[in-house]
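Contents: one structure, followed by commentary.
Read-outs: derived from the displayed coordinates by stated rules, not from any lab. Model, not experiment: these values are computed from the prediction. No Cβ is skipped: glycine too gets one built from the backbone with ideal geometry, and neighbour counts run over all protein chains shown.
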Amino acid sequence: MTIRVAINGFGRIGRNILRAKYENSKYEDIQIVAINDLGDSNINAHLLVHDTVHGKFNTSVDELNNLVLQSSEGDMKNIVGYNNLPLVSVDFNHSSYSSVFDESLTRASDDKLYKICAWYDNEWGFSNRMLDVTMHWVN
């Protein structure tokens, strides 16, 4: 059974929870679905990768893409899409996904910073999520 977890706060403990999840196979049933923090995401990413106590935390572009693919086929199916085709923004008009991750645009900069891109039709995706929430309340 997959356990969906959101991390509220990405200070020392929040970063260690994420790191421990990916460094220990006994936590495979846990899926991190969101990280909530008011800090700058670039600084948070840097602090995660370059921990002065626990050392460097590494991942690759392929690992990152694979994590998103698994999520888009699992618990986030029909909410997060996954694209591996050479498409442009107009191709995502009327997409019911909240966002469509584009694997071809994932980039790594010196193993310190990852750039990801997701396409979306904000109004249509949001409208579909509101209907999902309505159905959740009814059920």
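Springs between Cα atoms under 10 Å define the GNM used for the chain, and in it the highest mean-square fluctuation of Val68, Val88, Val80 occurs at Val88.
Among DSSP bridges having both ends in the stretch 7-139, what percentage is antiparallel? Round to the nearest 5. Expressed as a percentage, antiparallel bridges in the stretch 7-139 total about 55. Could you identify which residue out of Asp40, Asp62, Asp75 has the top mean-square fluctuation in a GNM of the chain using Cα springs shorter than 10 Å? Highest fluctuation of the listed residues: Asp40. Given +1 on the Cβ of Lys and Arg, -1 on the Cβ of Asp and Glu, and no further charges, what dipole in debye does the chain carry about its Cα centre, rounded to the nearest 20? With only Lys, Arg, Asp and Glu charged at Cβ, the dipole is about 440 debye.
Note on Tyr22 and Asn78: the model spin-label points, each 7 Å out from Cα along the C-beta direction, lie 3.0 nm apart.
How far is helix 122-138 tilted, in degrees, relative to the longest principal axis of the Cα atoms in the chain, given as a value from 0 to 90 rounded to the nearest 10? Here the helix axis deviates by roughly 90 degrees.
Here the label points at Ala6 and Asn42, each 7 Å from Cα along the C-beta direction, are separated by 2.7 nm in the simple model. Taking Cβ atoms as reference points and 12 Å as the exclusive limit, the residues near Val100 contribute a net charge of -4, counting Lys and Arg as +1 and Asp and Glu as -1. Arranged from fewest to most other beta-carbon atoms within 10 Å of their beta carbon, Tyr82, Tyr27 become Tyr27, Tyr82. When Rg and the Kirkwood radius Rh are both evaluated on Cα atoms of the stretch 1-58, their ratio Rg/Rh stands at 0.96. With K and R counted +1 and D and E -1, the other residues having a Cβ less than 13 Å from that of Cys117 yield a net charge of 0. Evaluating 6.51 cos²θ - 1.76 cosθ + 1.60 at θ = phi - 60° for every residue in the stretch 14-27, the Karplus couplings come out as x, 5, 5, 4, 4, 4, 4, 4, 7, 9, 10, 5, 6, 9 Hz, glycine and proline recorded as x. The structure-derived value of semi-axes √(5λ) of the Cα gyration tensor in Å appears in the list [x] 31, 20, 12; [y] 28, 20, 14; [z] 27, 16, 14 under the label [y]. Adding -39500 (n - 2.57) for every DSSP H run of four residues or longer, then dividing by how many residues the chain holds, sets the calculated 222 nm ellipticity at -11500 deg cm²/dmol. The stretch 1-65 and the stretch 92-136 have Cα centres separated by 20 Å. Exposure proxy for Ser109, Ser127, Ser71: other Cβ atoms within 10 Å of each Cβ, ordered fewest to most, give Ser109, Ser127, Ser71.
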